[in-house]
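Reviewing the structure listed below.
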Amino acid sequence: MTDTIDRAGDYVDEWNEAMINAARTAAPAGPSLTICIDCDEEIPEARRAAAPGCKRCMPCESDHQQRTRQHG
Ligand SMILES: [Zn+2]
């Protein structure tokens, strides 16, 4: 019976791997950066999780969006 439990564990591992791979490939603009490209500050993990593919910290991102909006 331990064999059945081992197989169940393998299945969970495969499932977790599939979910991690799906989450990675689902990011629309590639992986998030850990360092903001504008101010070189570290981007909080919560922001990276909320905005996949982000390259800026929160203040720089809103600043960037305001600037790009002005240019149409
Ligand atoms: Zn920044």
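Rule-based calculations on the coordinates, nothing more; no lab input. Please read all numbers here as calculations on a predicted model, not as lab measurements. FYI the Cβ positions are ideal-geometry reconstructions off the backbone, even for glycines, and counts take in every protein chain you see.
Between E14 and Q70, what is 0.36 nm times their sequence separation minus the Cα-Cα distance? Round to one decimal in nm. Don't skip to the answer; put the middle values down first.
Details: separation 56, 0.36 × 56 = 20.16 nm, distance 4.73 nm.
Roughly 15.4 nm would be gained on extension.
Charged side chains reduced to their Cβ positions (Lys and Arg at +1, Asp and Glu at -1) give region 31-72 a dipole of some 240 debye around its Cα centre.
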